[in-house]
Amino acid sequence: MQNLKKVGDNPMRKNSNSDKEVKILVVRHKYISISVSKARRVIDQIRGRSYPEALSLLSCMPYKASYTICKLLHSAAANADHIDLDTSNSYISKAEVNRSTIVKKSRPRAKGYSYPIKRTMCHIKMVFMIHTNDSYISKTKVNSTIVRKSRPHAQGAQRLSYPI
């Protein structure tokens, strides 16, 4: 019974068919003011993809949630870079969106009545699997910028850029 461990408890494990190590990196973002269904449609597109492929997909999506998830991916890359890991060999093995608290407000209406307003929030959790070699870890930096395109119906919207 001693050799049975959860994946979350053991951050490094050997792959049986190669000499590479697999490191697990978990990233969470809590209390995002996006509904669960809107965040899930973006997360479903990037689940199981590599880090550079997920970044290129998110930069083309016109959703509000894609910019928030893109910032979360950049945070994961910065965390991996801080502990000397290469993100080019990583992929998103698990990504989930969970429901969070609901902020309830009331809007005043005529004759003393009020209508309820419900603002939903969500939590996003992503698990990265990073393949590393013991002898050599390559570090590459990409000099590009991800641009979130402004929607045509939003007047006066500015283009937001986030460097990689």
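The values are calculated or read from the model by the stated rules, or taken from the named source; none is laboratory data. Just so we're clear, the structure is a prediction, and the values are computed from it rather than from any experiment. Please note: Cβ atoms are built from the backbone with ideal geometry, for glycine as well, and neighbour counts cover all protein chains shown.
Among the residues of segment 122-142, is there at least one that is surrounded by fewer than 18 Cβ atoms within 10 Å (Cβ to Cβ), modelled with pLDDT of 90 or more and over 28 Å from VAL22 (Cβ atoms)?
Checked segment 122-142: no residue is surrounded by fewer than 18 Cβ atoms within 10 Å (Cβ to Cβ), modelled with pLDDT of 90 or more and over 28 Å from VAL22 (Cβ atoms).
Within segment 53-92, can you find the residues that are of a type in the set (Gly, Ala, Ser), under 25 Å from SER35 (Cβ atoms) and crowded, with 16+ Cβ neighbours inside 10 Å?
The answer is ALA54, SER59, ALA65, SER66, ALA76.
Find all pairs meeting these conditions: Cβ atoms under 9 angstrom apart; at least six residues apart or on different chains; first residue within segment 100-111 and modelled with pLDDT of 90 or more; second residue assigned to a loop (DSSP other than H, G, I, E, B).
VAL103/SER33
Taking the options VAL42, VAL27, name whichever one is touching a Ser or Thr at 6+ places or on another chain (Cβ under 9 Å) and part of a helix (DSSP H, G or I).
Result: VAL42 is the single residue among VAL42, VAL27 that is touching a Ser or Thr at 6+ places or on another chain (Cβ under 9 Å) and part of a helix (DSSP H, G or I).
Is there any pair with a first residue in segment 75-90 that is farther than 15 Å from PRO52 by Cα and a second that is outside any strand (DSSP E or B) whose Cβ atoms are under 7 Å apart and which are 6 or more apart or on different chains, and what are they?
From segment 75-90, the pairs are ASP84/ILE137.
Count, please, the residues in segment 58-104 that happen to be part of a loop (DSSP other than H, G, I, E, B) and under 28 Å from THR132 (Cα atoms).
4
Please identify the pairs in which a residue from segment 39-50 that is free of Cβ contacts under 8 Å to residues at least 12 places away in the same chain has its Cβ atom under 9 Å from the Cβ atom of a residue that is surrounded by 20 or more Cβ atoms within 10 Å (Cβ to Cβ) and of a type in the set (Gly, Ala, Ser), counting only partners at least 6 apart or on another chain.
ASP44/ALA95
Out of (1) over 21 Å from GLU96 (Cα atoms); (2) modelled with pLDDT under 50, what's the single condition that is false for ASN17?
(2) is the only condition that ASN17 fails.
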